[in-house]
Each structure stands twice: as C-alpha cells, then as structure tokens.
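Below: the structure, in structure tokens.
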Ligand code: NOJ
C-alpha cells in the first residue's frame, strides 16, 4: 500500500491519500517561531518556547479525524442553506475528487478538489518573522457559477501548554479575544491571556474583507457544543456572531464572502497567524503581507534558503533512495533536529521543562556543519555554558533562559544525578566543527562554566579547549571497580538505571573516541605533549576494556554495582547490546579480530530485515533494579526494539572494517524512502527517520514511531556522506575515503568545504569496497587522499578505486 510518492524534481513528498496510518507531519519555521503542520492542515505553532509560549491547541492524542489547531472551511451557497466542507479533508471528511499534500522544504501545500472547488493552500512561516502564512487559491473548476464563502479557523491554547491540560478553570478564565476593525473592512482578531495583554498578543487576520467573526468555540460549534467540528452549526447561518470572548475556549474564525466564482475563476485568500507585543506594532507587517507579491517574495526567500542549504552537499549514487535521502530529506531532518532538539513533535509534546538535551544537541549539530557552521557554533557555545567546572555537564537546558537541569535522573533519589556520557559528546561536536571550518581560534574563546555566585555571576570561565580538557579529566577520574567509567544515572541508553557503582562500557568507548579526537587535535595544534598524554589515556582504557569486557564472542555492555556483567552470555535477558559492539570499533579499542567477531555476533543475534535491534532478548517484566528499560514489553524501544539512532554507528564501524557491502546493507534496510511501497507495516512518514521500530520479539514487528526528532538523522547523514561515500572533513582538508558496495561502478559528490567547491567523481573499475589507486585534482595527480585546500573556486576531483597493497593512493 502506498500513500504517496517522491517528487524529486520539486524536492517534495506528495501524499495522495489523506488516510495515512498515522498523522504525517512537516515542520514550518524554526523554534523562534513555527511548529508543525500535519497532512490535513492541523497545526501546532509556538514562539520560542513550546512549553510556555504555545499558540495553537493541537492535542496529538486526539484521533486523526478530529480538528487540531487550525483548519479552513469552505461553503457553497445552495438553494436551502450551505454545503460546508474542509478542503483539507479533516474535520469534515467529505469525499474528494483530488487530494494532495505536498510536503516541501519548510512549507506544506494542500491541493484538493471537492464539489467542483479546487483549493491550493500553501502553508509556511516567512523567514525571520513571527507569522504563519496560508496562501490559499480557490478556483471554481465546475462548469457553473458558485457562490463561495471561506472561513479559516484557529483554536488557541493557553501559552502554558501544561496548565491548559491540568487547570480547566484558570486557563479558560484568563483568556480574552478582541477585534480590531480596520477602515477597509479588514479585521484583526486578537487573542491573549489577560496577563500578557500589554506584552504578547496573538493575532489572526486576512487580506479579504471580513463580514463577521467568532472567537468562542462554544458559539461556533453551536448547541452547547453538541454541534461538532465536522458540522459547526454556526456555519449554517449567514453570519457569525461577532462575539469578543471574555473567557472560555478561544478560537478565531473569520467569515469571507468570496462572492460568485464563474467557471475557471480564482480568489486568493491569505491568512496570517502571528504574535507581537501589541496590535500597533503588528499592523505594518500585517498590511505588508496582505499584498500577494510580498507573500510571493517571502516564499521565494524560503526557497532560496533551502537551495543554498542543500547545495553544500549533493550526491549521485547508483541508489535512488540514498540520493533522495542524502540530497534532500536527510539534511532537512538534520536542520529540524538542530532546531527543535527533542522539544516538539507529534511524540515529543513539549510540555513542562524539557528543553534542549545536552547529548542530543551535541550530536545534532554534527549533522548541519557543512550547511550552517555558524549556527552550529552558537549552539555549541550554549552547550559549553551548561558544563560544570568539574567537566561533567547538565543533561538538558532551556535554550531561552539557559537554565539547566539534571533531567529525568532527578526522578530517582537513590541514584546519581548525572549521565556519564553527556559531556564527552561535546568533544566530538567541537572537533567536527573545527575540522569543517578550520576555525581553530574558537578553541581560545572563553566560555563560563555553569556554576554561579549569589549575584548570578559565573564562578569560573575557561577557554573552549579548557572545557574539552576538563570533560576528558572528569571521565578519567570517575571510574569504578574495573577502572571503567561509572554509569551515573545512565549513559546514552537513558533507560538502564543501575545501582550506584555500576560501570558503563559505552561511556568507556565514547571516552576512547573523544580521546582519538583530542589526540588528532593536539597533533594538529603542534602540541605533542598533549597528544602523548591522550594517547596514554587511550591505551590505559583500551587495556582495561579488553581485559575485563570481552565475553568470548562479543563485548559486554555494563558491569553492575556488584561486578556482574550485563550484556554477557551469562545474562538471562539483554545478553548482547548493539552499542557494546559498534563502539569498541569507533573508539579504536577493539583490535581487528575482536572487532570483526563482535560485529559478526551483532549481525547474527541482532540484525533483522527492519534494522538492527538494540539488544536481545528483551526483559519481560518490571524490575526497578534494572530501571526504565523493564517498563517496556520485549521488542519495544530500548528493550530489544530497533532503536534507530544506534544503527548508523554499526554502518560506520563496518566502513572502518572495510566492509562496504554490509555498511550499505544496514544503510538501505532502514532507509525510510526504500519503504514507500510497503509502508503499512511501518506506518510513519517515508521521508524522515523515526526514533524507533518495534523489534521481532513484538507482535507488531516493523512498526515505526517517534518520527523526526531523533539522533538517527545526524548520524545516518554522517554515516552516508562521510563513511560510506567517505567525503570526510579532516584538519588537513577534505578526505576522500569511500567504503561502498563492491557492485557499484562509482558515484559523484559535489561538496562545498571551507569556501571551495569540489566536484568529485569516484570510479570503481575493479569493483572493490575500499581502496584508492589514484586521485587527480584539476587533472594533476596528488599524493594521498586529502584534497588540497584552495583559496576558493570550483575544482574537479577524479578518484579511482582499486586494490592497493597498503590501501594508500599510488599517486
Ligand atoms: C532518546 C534521548 O533523547 C536520547 O538522548 C537517548 O540517548 C536515547 N533516547 C536512548 O535512550
């Protein structure tokens, strides 16, 4: 079963059946102002803070057919009353002659035909502005004249999204709606909680004279709300009530009489939903965006942004689904995770205080470095500012206030209140930023540590390099009985929460990888003493890991507080963990024989046709001594599910072992675009990676959930571009080091790196997975495979793969 198709020429996914298995969404705008739109026009919009400044009421748990946040009604005048329907399908569910939802870059366009009326609604946030624009073209495609009214509707939430749900007296008692009548018949409907009257008001307006309006849901639906969103009784009256709500469930509905449309005739209605300090301040820009040409300009600007963004890296491989993901949808998802972290989606509901995750954002920035290095740097600086003086980091923070917290670890008083991996990720992020940009001066920038005195002044600051060094030292000193890093409340796997004293092999390996980065950086900075020191740290941890954590066929994953290994053949449940095997390869701790064996064990025990499971077998029953993992049935999420974020690490590990066939097989088997023709089992959007897929211990094996906001985006992008295609930034320049399926004849990449555009053609005449025999740049053979750094311009690179005695290019 298919619900749509990829339109590669327009960089869109087009949904052609509105009854998708779950709601399929798209992001518009950014965290500064924006949110998501679902495929039937429902929208969750906020400004800067989904928890405390939410604008529309979109309750994810409501069924797909319900109204959520925003819709448009059209009505056709009939001899007796009106035919009312929504061109977005929801909430009236009328039979349609055409329905298409174009999921585009920063916009959604719904095109539909109902009852001889064609509607084309383009929904987007104008860049740098706090407004959602819906540019709606309504055409009579029948052969008779029709009289059409258009009634766009928004339902507001209290900005405090949680209180909206938990206090059904305070929230409705405090919200107010007011109308502003403009001389030319336009109206601006304002809405705000009383406390924000003078500082922050929402508005809804249009470019068309408004004959009447409604701001109270009860009146709009009618009959004490026994009228429904599918059939609002007020729309059977000629006009709405013009009621300015003093309380209650506030909406904004605007009645527009579009008059008689002759066959072929089109009207254009442009609505704006925004937020400003006050109406006086809002009016000039509102008026600006009533002009169709200015809306077109804003849309053009959005298109230019995405052209520029995507142009930094474009690929041409033999695999059409890989091309789709790497050229459009994967970098686009990376942009989303960089912006929204895990704050707001259909699944991450943005209530309460979660904010930005330290480890999440440290990994997310690595997916946008080629495209927006300056924004990535700004986020890295925020991350460093919530690092403690001892080198560890707070688990999450609010990006507006920069107030940090220990996150979910606070829920367990008996366990440590830090995550043992958080601070180490930022070393990877900073080094990746430096390799991309060459901006070594960043290392000298001074950033405060988190602790403050009673005047809120930082107790201590340090250079970026100092932050990195302290992160290393924290882990070096925070070790347990085997000399391995203590687990803290958890490591990357949030849900394994063992008693104090437990040790983490994941954190040991992440520490190893961070040390490799520090060694590389120190060498590049001509600081041999530091390079030697970190090499010694690396050797020390490598020895410990290999001495105590090799289980015979694979590496164990944890040692419990009493020394019991977890993730061992002796374990009852959770005998083998994916990260236990991939990460010793990434850290360089596993020697080739063990590395191969660990990855083969992983393949034999964890691989499925829908992706590689996180562990097996799943725990089957709640056990507070193991923690959150046992709250899940076997095969779900971290308990034996396919937790997708982990899969690209295996792809990378396989490329480090030289097996391009396996790396690509693992890439392809989780590629959502490759599932488009068999999406019913999977259910989520085929154009983004989800966080999790149910594993084969679960009766609904293959079912995906939690699409969009997942570390899978950044890491699969890195695995695909930097390790499989092998176009990898290094301190010395852009490296070309592919590890591809041996069947490929080659591929092409266009990559902008430090202001230079490289057009890279790779040929694979001998059909190898790895190995380069020659590299020519602008026709001249170069030694090695790091491309020279030029002053600028466009340069042609020609790479030939083949068997070489030492794996080095022969040139
Ligand atoms: C989701 C969290 O956002 C991420 O930080 C964590 O690593 C994974 N869950 C695995 O538990």
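Does residue 715 satisfy being within 13 Å of the ligand (Cβ to nearest atom), crowded, with 24+ Cβ neighbours inside 10 Å and closer than 30 Å to residue 803 by Cα? In short, yes. Going through (1) within 22 Å of residue 425 (Cα to Cα); (2) away from the ligand (no atom under 16 Å from the Cβ) one by one, residue 647 falls short only on (2).
Just the residues that are within 16 Å of the ligand (Cβ to nearest atom) and over 21 Å from the mean Cα position of the chain (by Cα), please, taken from the stretch 691-712. Spell out how you get there, then give the answer.
Here is the first cut: in the stretch 691-712, the ones within 16 Å of the ligand (Cβ to nearest atom) are 691-695, 704-712.
695 - this is the single residue of the stretch 691-712 that is within 16 Å of the ligand (Cβ to nearest atom) and over 21 Å from the mean Cα position of the chain (by Cα).
Can you find even one residue in the stretch 771-794 that is in a strand (DSSP E or B) and in contact (Cβ under 8 Å) with a residue 60 or more places away in the chain? Give the steps one after another, and end with the answer.
Here is the first cut: in the stretch 771-794, the residues in a strand (DSSP E or B) are 772-777, 780-781, 786-787, 794.
Going one step further and asking which of them are in contact (Cβ under 8 Å) with a residue 60 or more places away in the chain, we end up with none.
Within the stretch 771-794, none of the residues are in a strand (DSSP E or B) and in contact (Cβ under 8 Å) with a residue 60 or more places away in the chain.
Among 628, 621, 641, 695, which is surrounded by fewer than 24 Cβ atoms within 10 Å (Cβ to Cβ), farther than 23 Å from residue 320 by Cβ and in contact (Cβ under 8 Å) with a residue 40 or more places away in the chain? Lay out the reasoning, then the answer.
On the way: 621 fails: in contact (Cβ under 8 Å) with a residue 40 or more places away in the chain; 641 fails: surrounded by fewer than 24 Cβ atoms within 10 Å (Cβ to Cβ); 695 fails: surrounded by fewer than 24 Cβ atoms within 10 Å (Cβ to Cβ).
Of the residues listed, the single one that is surrounded by fewer than 24 Cβ atoms within 10 Å (Cβ to Cβ), farther than 23 Å from residue 320 by Cβ and in contact (Cβ under 8 Å) with a residue 40 or more places away in the chain is 628.
With the structure loaded, tell me whether residue 348 is assigned to a loop (DSSP other than H, G, I, E, B) and either surrounded by 22 or more Cβ atoms within 10 Å (Cβ to Cβ) or under 12 Å from the mean Cα position of the chain (by Cα) (or both) or whether it fails that test. The answer is yes for residue 348.
Filter the stretch 473-510 down to the residues that are assigned to a helix (DSSP H, G or I), away from the ligand (no atom under 16 Å from the Cβ) and in contact (Cβ under 8 Å) with a residue 24 or more places away in the chain and list them by number. Hits for the stretch 473-510 are 473, 474, 475, 476, 508. Of all residues assigned to the stretch 360-377, at least one qualifies as being without any contact (Cβ under 8 Å) to a residue 60 or more places away in the chain and surrounded by fewer than 23 Cβ atoms within 10 Å (Cβ to Cβ).
Can you name the residue in the stretch 578-617 that is in a loop (DSSP other than H, G, I, E, B) and within 15 Å of the ligand (Cβ to nearest atom) and, of all such residues, is farthest from residue 548 (Cα to Cα)? If you could, list the steps in order and put the result at the bottom.
Of the residues in the stretch 578-617, the ones in a loop (DSSP other than H, G, I, E, B) are 587-591, 609-610, 613-614, 617.
If we keep only those that are within 15 Å of the ligand (Cβ to nearest atom) too, we end up with 613-614.
Working: 613: 24, 614: 22 Å.
Only one residue tops the list, namely 613.
In the set (1) in contact with a helix residue (DSSP H, G or I) (Cβ under 7 Å, 6 or more places away or on another chain); (2) within 16 Å of the ligand (Cβ to nearest atom); (3) part of a loop (DSSP other than H, G, I, E, B), the condition left unmet by residue 742 is number (2).
What about residue 696, is it under 19 Å from residue 635 (Cβ atoms) and at pLDDT below 95? Break it down into steps so the answer makes sense when it comes.
Numbers: under 19 Å from residue 635 (Cβ atoms): yes; at pLDDT below 95: no.
Spelling it out, it is not the case that residue 696 is under 19 Å from residue 635 (Cβ atoms) and at pLDDT below 95.
Determine which member of the set 526, 522, 571 is more than 16 Å from the ligand (Cβ to nearest atom), crowded, with 17+ Cβ neighbours inside 10 Å, free of Cβ contacts under 8 Å to residues at least 60 places away in the same chain and outside any helix (DSSP H, G or I).
571
Evaluation of residue 466 against the conditions (1) touching a residue at least 40 places away in the same chain (Cβ under 8 Å); (2) closer than 23 Å to residue 538 by Cβ; (3) surrounded by fewer than 22 Cβ atoms within 10 Å (Cβ to Cβ); (4) out of contact with any helix residue (DSSP H, G or I) (no Cβ under 6 Å at 6 or more places or on another chain) shows that the sole unmet condition is (1). For residue 663, the stated conditions do not hold, so it cannot be described as more than 14 Å from the ligand (Cβ to nearest atom), part of a helix (DSSP H, G or I) and closer than 24 Å to residue 552 by Cβ.
Within the stretch 213-234, the set of residues being over 17 Å from residue 81 (Cβ atoms) and out of contact with any helix residue (DSSP H, G or I) (no Cβ under 9 Å at 6 or more places or on another chain) comprises 213, 215, 216. Taking the conditions (1) under 30 Å from residue 20 (Cα atoms); (2) touching a residue at least 24 places away in the same chain (Cβ under 8 Å) in turn, residue 675 satisfies each one other than (2).
Filtered by the rule that a residue be within 13 Å of the ligand (Cβ to nearest atom), at pLDDT 95 or above and out of contact with any strand residue (DSSP E or B) (no Cβ under 7 Å at 6 or more places or on another chain), the stretch 624-644 gives 631, 636, 638, 639. For residue 446, the conditions (1) touching a strand residue (DSSP E or B) at 6+ places or on another chain (Cβ under 7 Å); (2) surrounded by 17 or more Cβ atoms within 10 Å (Cβ to Cβ) all hold with the exception of (2).
The values are calculated or read from the model by the stated rules, or taken from the named source; none is laboratory data. Quantities reported herein were computed from a predicted structural model and do not represent experimental measurements. Methodologically, a virtual Cβ is constructed for each residue, glycine included, from the backbone with ideal geometry; neighbour enumeration extends over all protein chains shown.
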